[in-house]
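Structure first, then comments.
The values are calculated or read from the model by the stated rules, or taken from the named source; none is laboratory data. On a predicted model such as this, the values are computed, not experimentally measured, just so you know. Here the Cβ positions follow ideal geometry from the backbone for every residue, glycine too, while neighbour counts run over all protein chains shown.
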Amino acid sequence: MTTIPEEAYLLRIFIGESDKMDGRPLYEWLVNQAKSRGLAGATVLRGMMGFGAHSRVIHTFKIERLSEDLPIVIEIVDSQEKIEDFLSFAEGRIKRGMLATTEKVRVRVYRGGEVKN
């Protein structure tokens, strides 16, 4: 069973929905890499509106203009050591279009449920 220390770190990675790695969405690549490297879990959030360092326009989700490059945020919580290791790994492979932040967090509850087939 995976555990997270009470004093943990939150990694947030901001990317665009159209960003790719090895021909597939970058957010999928990041989540799969986090899982394979033993991190406790990852969540992908799709934003409704945003812009970044290399965007000249605001990307937004509106009926009259459906954006194909909405902002994506990947959140991962784990020990500082695991977060720093994963961030170093990702930084070495993603060459553009990424903002990553970390912050110290206090884990109050972390428990899994039974796996149902």
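Residue check: is residue 9 in a helix (DSSP H, G or I), of a type in the set (Ser, Thr, Tyr), at pLDDT 95 or above and surrounded by 15 or more Cβ atoms within 10 Å (Cβ to Cβ)? Quick ask: steps written out before the conclusion?
Numbers: in a helix (DSSP H, G or I): no; of a type in the set (Ser, Thr, Tyr): yes; at pLDDT 95 or above: yes; surrounded by 15 or more Cβ atoms within 10 Å (Cβ to Cβ): yes.
Here the answer is no, as residue 9 does not meet what is asked.
Looking at segment 34-52 only, could you name the residues that are within 16 Å of residue 88 (Cα to Cα) and part of a loop (DSSP other than H, G, I, E, B)? Working first, answer last.
Initially, segment 34-52 is screened for residues within 16 Å of residue 88 (Cα to Cα), giving 34-39.
Across segment 34-52, the qualifying residues are 37, 38, 39.
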(request) State which residue pairs qualify: first residue at positive phi and loosely packed, with under 13 Cβ neighbours inside 10 Å and inside segment 23-52, second residue in a helix (DSSP H, G or I) and not small (Gly, Ala, Ser) in any location, beta carbons under 9 Å apart, and separation of 6 or more residues or different chains. (result) 38/82
(request) Could you grab the pairs with beta carbons closer than 8 Å, sequence gap of 6+ or different chains, first residue in segment 105-117 and surrounded by 10 or more Cβ atoms within 10 Å (Cβ to Cβ) and among the aliphatic types (A, V, I, L, M), second one at pLDDT 65 or above and part of a loop (DSSP other than H, G, I, E, B)? (result) 107/4; 107/5; 107/6
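Among the residues of segment 83-98 satisfying the criterion of being out of contact with any Lys or Arg (no Cβ under 8 Å at 6 or more places or on another chain), of a type outside the set (Gly, Ala, Ser) and surrounded by fewer than 16 Cβ atoms within 10 Å (Cβ to Cβ), which is nearest to residue 71 (Cα to Cα)? Don't jump to the end; show me each part of the working.
Here is the first cut: in segment 83-98, the ones out of contact with any Lys or Arg (no Cβ under 8 Å at 6 or more places or on another chain) are 83-84, 87-88, 90-98.
So of that shortlist, the ones also of a type outside the set (Gly, Ala, Ser) come out as 83-84, 87, 91, 93-96, 98.
Then keep just the ones that are surrounded by fewer than 16 Cβ atoms within 10 Å (Cβ to Cβ); that gives 84, 91, 93, 95-96.
Values: 84: 23, 91: 19, 93: 20, 95: 17, 96: 14 Å.
It comes out as 96.
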(request) Give the residue that is surrounded by the most Cβ atoms within 10 Å (Cβ to Cβ), with candidates limited to residues of segment 53-81 that are more than 11 Å from the chain's Cα centre (by Cα) and at pLDDT 95 or above. (result) 78
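When you scan segment 85-104, how many residues do you find that are of a type outside the set (Lys, Arg) and without any contact (Cβ under 8 Å) to a residue 12 or more places away in the chain?
Taking segment 85-104 first, the residues of a type outside the set (Lys, Arg) are 85-92, 94, 97-103.
From the residues that got through so far, the ones that are without any contact (Cβ under 8 Å) to a residue 12 or more places away in the chain too are 88, 91-92.
Residues meeting the conditions: 3.
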